[in-house]
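**Q** One structure coming up, written as structure tokens, with questions to follow.
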Amino acid sequence: MKRFKSYVICALVLYALSISSCSMFGLNYAYSFQNESGAEFASLTCDAYEFIKQRSTGEFALMYQAINRAGMEEYYHDSIYTFFIIKDAVWDKFLTDYHYSSINEVPVKTLRTYLMRSIIKGKYLSSDIDGPIFVTTLDETVTMRLYKTIVAPTSSQNLNSLRAGWTNANGKINQVGCTTSNLECTNGVIHVMSARFTFLS
């Protein structure tokens, strides 16, 4: 019986340590682009462009192609920005919706406009946001709203709570959630979105 109690106590201690080692509500926690949790993903040793380039044969192949076709490599090398990027599955849906067979068919202006509106000046981690904030994108005609939602620790979702969306002239916002957040690269921070940004009519 004493041995059983010892096991229980050890298990509880280990559980408490595991909880204290991360932020349960997505305030500071980082996930890899494959949604693997771990502190090692919080601080990257490369800039945003290199992060995407290193994964250009994987889930960020189309993101890499879009950046290069738009001639925006310098922005992803530049500092200090917050980058919102999307995986191939999201790009594939965009290509299908607009009847493009590849990124090379998308007009350069279309890609450049989207990417400019997906970068904001400065470094915004989810821990920096207490309430909804409005920030101007690199396309100064477009404002983005950033905010956090609390995700219960028992949820089957990951614990990232950061959401963002473009604001319309009528005040409506199409909010997109992160699948990966707070990836601190050498020139800012990267957030991977679950969908592409759009305006609401």
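The values are calculated or read from the model by the stated rules, or taken from the named source; none is laboratory data. Computed from a predicted model, the values in this text were never measured in an experiment. Reconstructed Cβ throughout: ideal geometry from the backbone, glycine too, with neighbour counts over all protein chains shown. Remember, those area values only see protein heavy atoms, side chains included, never the ligands or the DNA or RNA. Shrake-Rupley method; radii C 1.70, N 1.55, O 1.52, S 1.80 Å.
**Q** Under 5 Å between amide hydrogens, which residues at least 5 positions from ASP47 or on another chain qualify, with H placed 1.01 Å from N in the peptide plane?
**A** Amide H neighbours of ASP47: THR186.
**Q** Okay, moving on. Note down the nm distance, to one decimal, between modelled labels 7 Å out along Cα→Cβ at TYR100 and at GLN175.
**A** 2.8
**Q** Mind listing the long-range amide H neighbours of ALA195? Cut-off is under 5 Å, sequence gap 5 or more, other chains count too, H placed in the peptide plane at 1.01 Å from N.
**A** Excluding prolines and chain starts, which carry no amide H, the hits are GLY177.
**Q** Using R₀ = 25 Å, calculate the FRET efficiency as 1/(1 + (r/R₀)^6) where r is the Cβ-Cβ separation of THR198 and THR149; round to 0.05.
**A** The calculated FRET efficiency here is 0.80.
**Q** Quick check: residue separation of GLU73 and THR136 times 0.36 nm, minus the Cα distance between them. What number comes out in nm?
**A** Length difference between fully extended and current span is 20.6 nm.
**Q** Determine ³J(HN,Hα), in whole Hz, for all residues of region 81-87 in sequence, where each value follows from phi through the Karplus function 6.51 cos²θ - 1.76 cosθ + 1.60 and θ = phi - 60°; x replaces Gly and Pro.
**A** These are the phi-based 3J(HN,Hα) values: 10, 10, 10, 10, 10, 10, 7 Hz.
**Q** Further question: Could you go through region 108-121 in sequence order and give the Karplus-derived ³J(HN,Hα) for each residue, using 6.51 cos²θ - 1.76 cosθ + 1.60 with θ = phi - 60°, rounded to whole Hz, and x for Gly and Pro?
**A** Values per residue, Gly and Pro as x: 4, 4, 4, 5, 4, 4, 4, 5, 4, 7, 10, 10, 10, 6 Hz.
**Q** Also, quick follow-up: Ordering GLU184, GLU105 from largest to smallest accessible area (1.4 angstrom probe), what's the sequence?
**A** Result of the area sort, largest leading: GLU105, GLU184.
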